[in-house]
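Structure, as structure tokens:
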Amino acid sequence: MLLTVEGVSKVYEAGSVRVGAVADVSFSVAAGEIVALTGPSGCGKSTLLHLCGAMDTPTSGRLEFEGRDLARLDDNGLTRVRRTRVGFVFQFFNLLPTLTVTENIALPALLGGADRRATLVRARGLAGRVGLAARVDHYPQQLSGGELQRTALARAVVHGPALLIADEPTGSLDSANGRAVMAMLRELNGQLGVTVLLATHDADVAAAAGRVLEMRDGRLVSGSTPGPAE
């Protein structure tokens, strides 16, 4: 399994107040799957994504990624996992306005120490793959919402991650652009072999995933179990 989550809980504390965000969650994700987390706002989807992407640490339970127990890694080790093995896509794109499409796509790999020239070539190739060949020298303010998210998708896979974490990747888009972005996620999954774990409120997006896990009040309450996405 690429990712194994065993009895994971996350509790936030502020003084004497304790807020449980994730409660005793267990599931696994095989390499090559597309798995969707669904459920109402505040049910713990984003917190669970952050835990699986090594952006946060659980209060209890075990998270194993590529055979490594994330709890055994120090801050530097977790940073290496995030920079080299995980890609992130967010609802609001998070592109840098002073960088071109090519430069935004290349950024994660460059931060990881990759060769600049080779990375920019790869970034341009990925831009073409997501339909942005004519936009490679444009800046974010010159792009539509759908183009911004396609740039973010390409940026998330430029460094060759094993796992792509996508938090409401279609949440800021209209239905047509949302369908296009989901189609590109499936294409990247198929062509690059990147595993996808996403959170969504959109039933159509969830239906396009290979497996759906439903959350309520920090817990998993249901989940279909087909094999890896085709």
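Taking the residues in segment 144-162 that are closer than 14 Å to Leu132 by Cα and either in a loop (DSSP other than H, G, I, E, B) or acidic (Asp, Glu) (or both) as candidates, determine which candidate is nearest to the chain's Cα centre (by Cα).
Result: Glu147.
Taking segment 3-28, which residues are more than 15 Å from Cys43 (Cβ to Cβ) and polar (S, T, N, Q)?
Thr4, Ser16, Ser26, Ser28
Scan segment 8-28 and give yes if some residue there is in contact with a strand residue (DSSP E or B) (Cβ under 7 Å, 6 or more places away or on another chain), among the small types (Gly, Ala, Ser), without any contact (Cβ under 8 Å) to a residue 40 or more places away in the chain and surrounded by 16 or more Cβ atoms within 10 Å (Cβ to Cβ), otherwise no.
No, every residue in segment 8-28 fails to be in contact with a strand residue (DSSP E or B) (Cβ under 7 Å, 6 or more places away or on another chain), among the small types (Gly, Ala, Ser), without any contact (Cβ under 8 Å) to a residue 40 or more places away in the chain and surrounded by 16 or more Cβ atoms within 10 Å (Cβ to Cβ).
How about segment 114-143: which of its residues are in a helix (DSSP H, G or I) and farther than 25 Å from Gly178 by Cβ?
Arg116, Arg117, Ala118, Thr119, Leu120, Val121, Arg122, Arg124
Taking the options Glu187, Glu147, name whichever one is farther than 23 Å from Gly39 by Cβ and surrounded by fewer than 15 Cβ atoms within 10 Å (Cβ to Cβ).
Glu187
What are the pairs with Cβ atoms under 6 angstrom where one residue, in segment 29-54, is within 14 Å of His201 (Cα to Cα) and the other, located anywhere, is among the basic types (Lys, Arg)? Sequence gap at least six, or different chains.
Between residues of segment 29-54 that are within 14 Å of His201 (Cα to Cα) and residues that are among the basic types (Lys, Arg), the close pairs are Val35/Arg211; Leu37/Lys45; Gly39/Lys45; Gly39/Arg216; Cys43/Arg216.
Considering Gly131, Gly218, which residue is over 17 Å from the mean Cα position of the chain (by Cα) and buried (at least 22 other Cβ atoms within 10 Å of the Cβ)?
Gly218
Condition (residue is part of a helix (DSSP H, G or I), crowded, with 17+ Cβ neighbours inside 10 Å and of a type in the set (S, T, N, Q)) applied to segment 55-77: is it met by at least one residue?
Checked against the condition, which is being part of a helix (DSSP H, G or I), crowded, with 17+ Cβ neighbours inside 10 Å and of a type in the set (S, T, N, Q), segment 55-77 yields no hits at all.
Which of the following residues is assigned to a loop (DSSP other than H, G, I, E, B), touching a helix residue (DSSP H, G or I) at 6+ places or on another chain (Cβ under 9 Å) and within 23 Å of Gly171 (Cβ to Cβ): Leu95, Leu107?
Exactly one residue qualifies, and that residue is Leu95.
As an exercise: evaluate Pro40 against (1) surrounded by fewer than 16 Cβ atoms within 10 Å (Cβ to Cβ); (2) modelled with pLDDT of 95 or more; (3) not acidic (Asp, Glu) and give the number of the one condition it does not meet.
Among (1) surrounded by fewer than 16 Cβ atoms within 10 Å (Cβ to Cβ); (2) modelled with pLDDT of 95 or more; (3) not acidic (Asp, Glu), Pro40 violates only (2).
Kindly establish whether Leu164 is of a type outside the set (Val, Ile, Thr), surrounded by fewer than 23 Cβ atoms within 10 Å (Cβ to Cβ) and within 29 Å of Pro40 (Cβ to Cβ).
When the stated conditions are applied, Leu164 does not pass them.
Hey, among the residues in segment 111-128 that are among the aliphatic types (A, V, I, L, M) and in contact with a Ser or Thr (Cβ under 7 Å, 6 or more places away or on another chain), which one's surrounded by the fewest Cβ atoms within 10 Å (Cβ to Cβ)?
Among them, the one singled out is Leu120.
The values are calculated or read from the model by the stated rules, or taken from the named source; none is laboratory data. None of these values were measured; they are calculated from a predicted model. Heads up, the Cβs are rebuilt from the backbone with ideal geometry, glycines too, and the neighbour counts pull from every protein chain shown.
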